[in-house]
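Below is one structure, written out as structure tokens; comments come after it.
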Amino acid sequence: MSSNAPANPKISVIIPIYGKAGDLPRLIDALQAQTLRPHEIILVDSSPKPIDNPPPGTRLVKNPVDVALSWDYNLGAKEATGDYILNMQQDCVPEDKTALERMFKQLHEVPGRVSVVALVTLPKENFLQYNFWGQVLMARWIGRIRQGISGKFDLHRRDVFQSIGYYNTAQFHFAGEDMDLFMRLSQKGEVFVSDVEIIHYHFQSLKTSWVHLVKKHYQVAESFGALFRTWGFGLRRIPYAGHWTHHLAKYLYCLVPLLLIPRFHIPAALAILVGSNLSNMESWRVKSWRTWAYLPFFNVYLFFVGFIGTALGLLTGKQRYSQNK
């Protein structure tokens, strides 16, 4: 351990499960095999049909409020008895047995650090099992992503996490809560992106359709509008803000009013056609005839969906839309 780190730290792991325990044995085994073992593993279940028997070595907390992950993380943190909070998702696994110990050392390497978060990797073999629209949805997540706070392997000082009121569930319901948390924690100290990697074995249990992709795009866009109203250009501090293709479309929104002016509507339309496809450039790696048949104009459609979602989020300052509506 670092000289500044406690010798026997109490780390509470919080894992939302929503009535499903299929991936838990793999994750629990990986956590219990860590060179720095967690003090406790708390499973938070907000499902209408919660599991009855939690795996050995875990504690089950039932959340009567079924809204979103951030509610479960908050309840788990309130129930925790450790001095540190490690937020995880059950379909994730640390890259090796030293992952948690390395992150804990990094938390104490520099005075003022309040959180350390892992890089996130979606294995290509998982990606290739998705259908066409599932691959379009997840294409930009292939490889090691320097996302920032993601809820997949985030280590926080509990006192700081508690002092800011945990996740902001008043403004962000289904998207944007991780970026907002990054900004609020950064006001207290440094949120450090580690070189530790978390493997995200994301399995799409439901068949993804273009409708699901549109809803997800709108949801994320609404969160960006709410985030920008709150944090403005300070959002550039978030690591994922450097992912230029993901944010390119937002810089093109000013072209939309030009479509109503005859003198400018053709140049504006061409710029939107090119820019919207560049902003979803990773989707072009999907190897299918549908890529060439659907994406050129579907990406334009997503651009306008994003424009509407961002406008509403900016107007209300809140993200409320759920994909299940």
Of all residues in the stretch 256-288, how many are farther than 24 Å from Trp141 by Cα and small (Gly, Ala, Ser)?
3
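Pick from the stretch 199-227 the residues that are outside any helix (DSSP H, G or I), at pLDDT 90 or above and of a type outside the set (Ser, Thr, Tyr): which of them is farthest from the chain's Cα centre (by Cα)? Spell out how you get there, then give the answer.
Narrowing the stretch 199-227 to residues outside any helix (DSSP H, G or I): 199-209.
Still in the list and also at pLDDT 90 or above: 199-201, 208-209.
Imposing the further condition that a residue be of a type outside the set (Ser, Thr, Tyr) reduces the set to 199-200.
Details: Ile199: 14, His200: 11 Å.
Looking at the filtered set, the residue picked out is Ile199.
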Just to be sure I understand the filter: pairs with C-beta atoms under 9 Å, separated by 6 or more residues or on different chains, first member in the stretch 213-237 and more than 17 Å from Tyr253 (Cα to Cα), second member of a type in the set (Asp, Glu). Which pairs pass?
Thr230/Asp180; Trp231/Asp180
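Please tell me if Ala33 is among the aliphatic types (A, V, I, L, M) and out of contact with any strand residue (DSSP E or B) (no Cβ under 8 Å at 6 or more places or on another chain). So that I can check it myself, show each step before the final result.
Values: among the aliphatic types (A, V, I, L, M): yes; out of contact with any strand residue (DSSP E or B) (no Cβ under 8 Å at 6 or more places or on another chain): yes.
It is true that Ala33 is among the aliphatic types (A, V, I, L, M) and out of contact with any strand residue (DSSP E or B) (no Cβ under 8 Å at 6 or more places or on another chain).
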Of the conditions (1) polar (S, T, N, Q); (2) free of Cβ contacts under 8 Å to residues at least 40 places away in the same chain; (3) in contact with a Lys or Arg (Cβ under 9 Å, 6 or more places away or on another chain), Thr245 satisfies every one except a single condition; which number is it?
(2)
Given the criteria assigned by TED's automatic domain parsing to the domain that holds Leu122, among the aromatic types (Phe, Trp, Tyr), under 16 Å from the mean Cα position of the chain (by Cα) and surrounded by 15 or more Cβ atoms within 10 Å (Cβ to Cβ), does Phe172 qualify?
yes
Pick from the stretch 141-181 the residues that are assigned to a strand (DSSP E or B) and modelled with pLDDT under 95: which of them is farthest from Arg37 (Cα to Cα)?
Ile142
Is the stretch 48-57 home to any residue that is buried (at least 19 other Cβ atoms within 10 Å of the Cβ), in contact (Cβ under 8 Å) with a residue 40 or more places away in the chain, out of contact with any Lys or Arg (no Cβ under 9 Å at 6 or more places or on another chain) and in the same structural domain as Leu122 (by TED's automatic domain parsing)?
no
Between a first residue in the stretch 297-314 that is under 17 Å from Ala268 (Cβ atoms) and a second residue that is polar (S, T, N, Q), which pairs have beta carbons less than 6 Å apart while being 6 or more apart in sequence or on different chains?
Asn299/Ser276; Asn299/Asn277; Asn299/Asn280; Val300/Ser276; Phe303/Ser276
What's the number of the condition Ser115 fails, among (1) over 14 Å from the mean Cα position of the chain (by Cα); (2) modelled with pLDDT under 95?
(2)
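Residue by residue through the stretch 182-198, note down the ones that are in a helix (DSSP H, G or I) and in contact (Cβ under 8 Å) with a residue 40 or more places away in the chain. If you could, list the steps in order and put the result at the bottom.
First, the residues of the stretch 182-198 that are in a helix (DSSP H, G or I): 182-186.
If the condition is that a residue be in a helix (DSSP H, G or I) and in contact (Cβ under 8 Å) with a residue 40 or more places away in the chain, then Phe182, Met183, Leu185, Ser186 are the ones that fit.
The values are calculated or read from the model by the stated rules, or taken from the named source; none is laboratory data. Because the structure is predicted, anything quoted here is derived from the model rather than measured. Here Cβ is always computed from backbone atoms with ideal geometry, including for glycine, and neighbour counts include all displayed protein chains.
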